[in-house]
Each structure stands twice: as structure tokens, then as C-alpha cells.
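The values are calculated or read from the model by the stated rules, or taken from the named source; none is laboratory data. What you see is a predicted model; the values in this text were computed from it and never measured. Cβ: placed from backbone, ideal geometry, glycine included. Neighbour counts: every protein chain shown. The protein model used for the area step is the full one, side chains on, heavy atoms only, and it has no ligands, DNA or RNA in it. Shrake-Rupley method; radii C 1.70, N 1.55, O 1.52, S 1.80 Å.
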Amino acid sequence: MKTNDMNQVVVHAIFILLAALCLIPFVLLIMSSFSSESSIVNNGYSFWPSEFSLEAYTYLWAQKAAMFNSYGITILITVVGTFAGLLISALLAYPLSRRDLPMRGILSFLVFFTLLFNGGLVPTYLIYTEVFHMKDTLMALIIPGLLTNGFFILLIRTFFANSIPVQIIESAYIDGASEFKIFYRMVLPLSLPILATIGLMLTINYWNDWFNGLIYITEPRLFSIQNLLNRMLVNIQFLQQSNMGGQNMSVNLPTNAVRMAMAVVGILPLILIYPFFQKYFVKGLTIGAVK
Amino acid sequence: MMIPGLAYLIMNNYLPMFGVIIAFKDINYAKGILGSDWIGFKNFEYLFKTQDAVVITRNTILYNGSFIILNTVFAISVAILLNEVRNKFAARFYQSVILLPFLISMVIVGYLVLSMLSAESGFLNLNLLPMFGMKPISWYFEPRYWPYILTIVQLWKATGYLCVIFLAAIIGIDNEYYEAATIDGASKWHQIRSITIPLIAPTITIMTLLAIGRIFYSDFGLFYQVPLNSGPLQPVTDVIDTYVYRGLMTLGDIGMSSAAGLYQSLVGFILVLLSNYIVSRGNKENALF
């Protein structure tokens, strides 16, 4: 019993250290965002700034037009992308899960092959910009992430095939239900666990996506919060330039603190909702990992 | 029912596959993609004649290779330890915290790293190094530190995710094995070595092979956001993905960039097939197809 207690102490000690390592950067970020600019210039970013100040947030508030615009874009693409992605993934996965689908082998292969081989960034970019003319449109932020290359379809298909008894579908069929009705009334309600999982993954993907914005969007009006953050990481002045309100605030820009405040604004929603969906997220990861 | 999905796949995946012909063309926007002149393997010749191909291939493989090894070892260790935590509430708390880095975007990670490493105001330069009497370092101009920095950042971000997966496998192990082992007087270490590890071996294998199959693809965000795209660091931070991106977006060298992209896709494709073949030889159940 004694050694057992010792073991527990050691294990807890290791995890407290690991947890600290994971949290410390966030703490540094948050504390820095509440520092006065002069204390950052003199002492650097620190865990306990010599002088607390809200000037960074006051500054961001003055730029609220650009900020709220970006939040709006992010929320819009996340909501639309998640629902559209779920819908067409499920629509595509369901027929593939049915054994009586004509040409099932070929169609499955077509979906599966996208996991193995892709044209690469350059052709994809050219197709989206030159053929579909999506540069600087909201579509460019939504469409590339919809099915994430067939991976989600495979997960949903496997779930449909394993967890929905064929007999249910057959009996509904005999009762005269149409294919769409079966899908909508029976298959979808029975598949809530997998749909929730995929929905959560899509939400995270859309919320965190900065890459599509980086390559397809040049207009500040269409920047998502991640893209705004991305530009500001390199160029703090960017927020001012992108502000359509036209306020002139170039005097005494608290650059260092503003940067960190901006990052705080970027992660705040996630940190706030994380405790609530953490449980589902872990479940989702486990389903996603095991084929 | 399948029409929207299939249409999407054609648009997002199959059209670009035909687009690989760009790699064999001398792209001229005036003539359009199809109208541009064929130049055969010239783009590939240019690519492989320069030092670039060697550097980006080396970086890609070395980084991803060490990520695979470190991630696996680290995540399994953490998962085993987490399984030992008796207090359920504490276990859930640790797991949540370790998973947190996985959820934030690479842009934010870039900010976090900047707050640590920034030359004029970073925590390391102004607070930590002086404590040990060391001089500040211009991190973003010193290539030699970056292999370590990127590895640490990557490990920090990825451990939580992998740990959850391995933990799920460990929880699935029948408790009777451990009870029997305890009766036989096996120590914790013995139990881990002869029960836990062998029983989660299928999960380890499949995760590793999946990673090896994707060894030619890097996390673009890690290599682009975290070093802030800093020029002096390129020899040690440039991977195929960043090279392709730069060729396309900044240099406008579409031919070379798509040649590099096709090289990546092809080698990646072969590696996936190869690793799947190896798994299916070992155990049909574990194979992807």
C-alpha cells in the first residue's frame, strides 16, 4: 500500500508539471495583454507585469468595426460550413453504406481514392481561382473544407453500415417509405453520435481555418478572425489599415500588448466553451481514430 | 442523393488531379492552362538541379520522422501514466488540459511562440535568460535553434490528441490480465511491458503507419506560422509544403511549384500503398484496404 501511494504522488507530480507546461503559454499571453506598453518595452512579456493596463483592449475596442466583422465572417462560415458539410457527407455516405447500391465498388473507390492522391496545392488553387472564380468570395472559405477529402464520409459510412440494422430499412421500404424519407426519418436520428462527432470536427476546422483565407482572400472585408490574427502577427498596423471606419489612431499604438490582446480575443470563445464540449470531443477523437 | 457529394469531389479533388499537367507545362496566363506549351520534364529538371529539392526533402523527412518517433513514445508514456491516475476527477482534468493545445489554431500558436521568443520583448530574452546570466538571442534570425523549437512546439500541440487515442486503446484492455499479473507478483513496470504495450500494439502500428504514409506532407501551419515565415530561417524550416506555397503565392513560379507538389503527391501515394501493404502482410484486420 505504501508504494502504491508513492506511485500516485509521482504520477500526480508529473501531470501537474505537464499541465503547467500546457497552460503556461496561455497565462503568459493573457497577462501580457493586460500589461501597459511601457512595462512590456522595459521588461518584456512576463507573468506578472510591473504595470497593469487595459490600453490594449481600449485600442481594440476602438477598432471594433473590423473585429466584429471578422467574428461575423468566422461565425458565418463555421455555421454554414458545418451544416452543409454534415449534410452532403451524410447524403454521400448513406448510399455507399447500402449493399444494394448499383456500382457500389466504383463509387466507393472514387471517394476513397481522394484520400490517397491529390493534385496538390497549385492545381487546386488554379481550379478554384481560374475555373470557379472564387477568389475573394465567402465560398472560398466554405467550400474547400466541406468533406475534408472523403475522410469524414468513410467514418460516417462505416457507422451507417455497422450500426443501422438492414431490417429496419427493409421494413420501412415495404411500408412504402421513399428513400429520402427513410434517410431523413430513420437513418439520421439513429446516427446522432457520429453526426455530432463529425459536426464537432467540422466546427473546429472551420473556426481554426486560416489557410483558405490566406490563399484565397485578399480583401480585409472578408477576413475571418484567424486571418485577421494572421496578418496582425506580422503587421500590427494591419488592423488600422483594415478598419473601414477610417478612424485615425496612429498615435501611440501599444503594439506589443495589442498583439497579445488580439490573440486573447481569438481564443476566448474556444476557452469559454471548451469545458462544455470537452467530453464529446474526446469521444469524437476516439471514434475518428479507430477505423 | 449522392449528387451533391460527388459533384463536390469532382470539383475539389478530381479536377485538380487533371491539373497536374501544369507541372509539365510552361504556364502562360495569356494562353490559358490548356493552351500553354508542353515542356515535358523541364520543371522537374529545374527543381532537382537546384539545392532546393534536396533541402526541402531532407527537412520534410527528418522533421516528420522525428515527430513520428517522439510523438509515439511521448503520447504512449503519457497515456499509460494517465491510466494510472486513480482520482477520476484529476484524470479528466489532466486530460482536458493536455488536449487544449490541439484545439487552437496554428496562428495562435505563432502568437504564443512569439511571446516567448520575440527579440525585444519575449519572455525568454528579457526574463528567463538573464536569470542564468545569458545574453538575449535573436531567435528569429538564428537557424540553429529551430529544429528544436519546432519539434517542441509540435510535440506540445500533438501529444494531447495522440494520448487520447492510445488511452482509449488502453482502457479497452480487459482488467483480468492485470489482476492475474498482480497475483503472480508482477511489478507495475512488468505489467506495462508485457501486457499494456503488446495489447495496444495494433493501435501503435496503425497510427505509425498512417503517419509514415503521410511523411511527405507536413503541417503547413507549423512551418509557416511558427517561424513567422522568417527568411534567414528558411534553410532549416522550409519543407515541401512551404516551398510549394511560396512558389505559388509569392514567387509566382507556378511550374516549379506544381512540379514539387506533384513530386509530393506521387511519393506520398506510393508511401501510403507501401505502408498499407506492410500492415496487411502482418495482419489483414489492421490494413486500411
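Inside 10 Å of the C-beta atoms of B:72-81, what's the mean count of C-beta atoms belonging to other chains?
Per residue, the average neighbour count from other chains is 1.
Quick one: order A:His133, B:His190, A:His12 from most to least accessible surface, probe 1.4 Å.
A:His133, B:His190, A:His12
Scan around B:Ser36 for amide H atoms under 5 Å from its own, H built in the peptide plane at 1.01 Å from N, and keep only partners 5 or more places away or cross-chain.
Counting only residues 5 or more places away or on other chains, the set is B:Asn28.
Got a sec to turn the phi values of segment A:278-287 into Karplus ³J(HN,Hα) couplings, 6.51 cos²θ - 1.76 cosθ + 1.60 with θ = phi - 60°, whole Hz, x for Gly and Pro?
3J(HN,Hα) across segment A:278-287, in whole Hz: 3, 4, 5, 5, 4, 4, x, 4, 5, 5.
Could you sort the peptides A:192-204, B:38-50 by per-residue average Cβ neighbour count (10 Å cutoff), highest mean leading?
A:192-204, B:38-50
In nm, to one decimal, how far is the modelled label at B:Asn83 from the one at A:Tyr280, with both set 7 Å along Cα→Cβ?
That separation, rounded to one decimal, is 2.9 nm.
Counting helices only, and only those DSSP H runs with n ≥ 4, report the 222 nm mean residue ellipticity of chain B as the sum of -39,500 (n - 2.57) divided by its residues, in deg cm²/dmol to the nearest 500. It would help to have the intermediate numbers written out before the result.
Numbers: 15 runs with 190 residues, N = 289.
Estimated from H runs of four or more residues: -20500 deg cm²/dmol.
In terms of solvent-accessible area of protein heavy atoms at a 1.4 angstrom probe, what is the ranking of A:Trp207, A:Trp48, highest value first?
Of A:Trp207, A:Trp48, the descending order of accessible area is A:Trp48, A:Trp207.
Could you work out the relative contact order of chain B, using alpha carbon pairs under 8 angstrom and six or more residues apart, expressed as a whole percent?
Relative contact order for chain B comes out at 26 percent.
For segment A:102-113, take each phi angle, set θ = phi - 60°, evaluate the Karplus expression 6.51 cos²θ - 1.76 cosθ + 1.60, and give the result in whole Hz per residue in order, putting x for glycine and proline.
Here the 3J(HN,Hα) series is x, 6, 4, x, 5, 5, 4, 4, 4, 6, 5, 4 Hz.
Give the average, rounded to an integer, of partner chain Cβ atoms located within 10 angstrom of each Cβ in A:40-47.
Going residue by residue through A:40-47 and averaging, the value is 6.
Based on Cβ point charges of +1 for Lys and Arg and -1 for Asp and Glu, what charge dipole magnitude is obtained for chain B about its Cα centre, in debye rounded to the nearest 20?
Numbers: 17 positive and 16 negative charges, 16 e Å.
The calculation lands at about 80 debye.
In vacuo Debye scattering of the protein assembly as shown, one point per C-alpha: log10 I(q)/I(0) at q = 0.06, 0.09 Å⁻¹?
-0.34, -0.79
Within a 10 angstrom radius of each residue's Cβ in B:113-119, how many Cβ atoms of other chains show up on average? Whole number is fine.
5
If only Cα atoms are counted, what is the Rg of chain B, and what is its Dmax, in Å?
23.3, 79
Give me the Kirkwood hydrodynamic radius of segment B:152-289 in Å, from all C-alpha pairs, to one decimal place? Present the calculation step by step, with values, prior to reporting the outcome.
Working: mean 1/r = 0.0548 Å⁻¹.
Value: 18.2 Å, from the Cα pair sum.
Can you pull the percent of the protein assembly as shown's accessible area that's carbon plus sulfur, 1.4 Å probe, other chains left in place? Please report the intermediate quantities before stating the final value.
Details: 18540 of 27220 Å².
Of all accessible area on the protein assembly as shown, carbon and sulfur atoms account for 68 percent.
Name the residues whose placed amide hydrogens come within less than 5 Å of the amide hydrogen of A:Ser35, ignoring near sequence neighbours (fewer than 5 apart) on the same chain.
Amide H neighbours of A:Ser35: A:Ser53.
Measuring from the lowest to the highest alpha carbon on each principal axis, how far does segment A:57-290 reach, largest first, in angstroms?
Sorted from largest, the Cα extents of segment A:57-290 read 74, 42, 31 Å.
Hey, can you grab everything whose amide H is under 5 Å from the amide H of B:Lys25? Only 5+ residues off in sequence or another chain; H modelled, so Pro and N-termini drop out.
Amide H neighbours of B:Lys25, under 5 Å, 5+ apart: B:Ile39.
Would you mind calculating the relative contact order of chain A from Cα pairs under 8 angstrom and at least 6 residues apart, reporting the percent as a whole number?
30 percent
Once you place label points 7 Å from the Cα toward the Cβ at B:Asn127 and B:Leu273, how far apart are they in nm?
Between B:Asn127 and B:Leu273, the simple spin-label model gives 5.4 nm.
In bins 10 Å wide, starting from 0, what share of all Cα pairs of segment A:88-185 does each bin hold, as a percent?
Histogram of Cα-Cα distances, whole percents per bin: 14, 36, 28, 17, 6, 0.
Could you order peptides B:82-95, A:170-183 by the average number of other Cβ atoms within 10 Å of their residues, highest first?
Order by mean packing, descending: B:82-95, A:170-183.
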